[in-house]
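The values are calculated or read from the model by the stated rules, or taken from the named source; none is laboratory data. Source: prediction; values computed, not measured. As a convention, Cβ positions derive from the backbone with ideal geometry for all residues, glycine included, and neighbour counts pool all protein chains shown.
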Amino acid sequence: MAVLADHNVAFYDFSRAIPESRYYFDTDHLNRAGVQRFLDEALATVLQDDVGQDQ
């Protein structure tokens, strides 16, 4: 994590963002409903936080 901080890179751990099995196609991949939920609840927040930040 120190390398990320040294380069001002954010790290997001989404490994527990969607725990319900009904949102998964298999043990590792989201189904369509899971992708939509991930976008709405997790990724949208990250993208909103990043708007206007220097690149």
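Taking the criterion of being assigned to a loop (DSSP other than H, G, I, E, B) and in contact (Cβ under 8 Å) with a residue 12 or more places away in the chain, the residues of the stretch 11-47 that qualify are Tyr12, Phe14, Ala17, Ile18. Taking the criterion of being hydroxyl-bearing (Ser, Thr, Tyr) and at pLDDT below 95, the residues of the stretch 17-55 that qualify are Thr27, Thr45.
Being under 12 Å from the mean Cα position of the chain (by Cα) and among the basic types (Lys, Arg) is the filter; apply it to the stretch 1-40 and report the residue that is surrounded by the most Cβ atoms within 10 Å (Cβ to Cβ). Taking the candidates together, the pick is Arg37.
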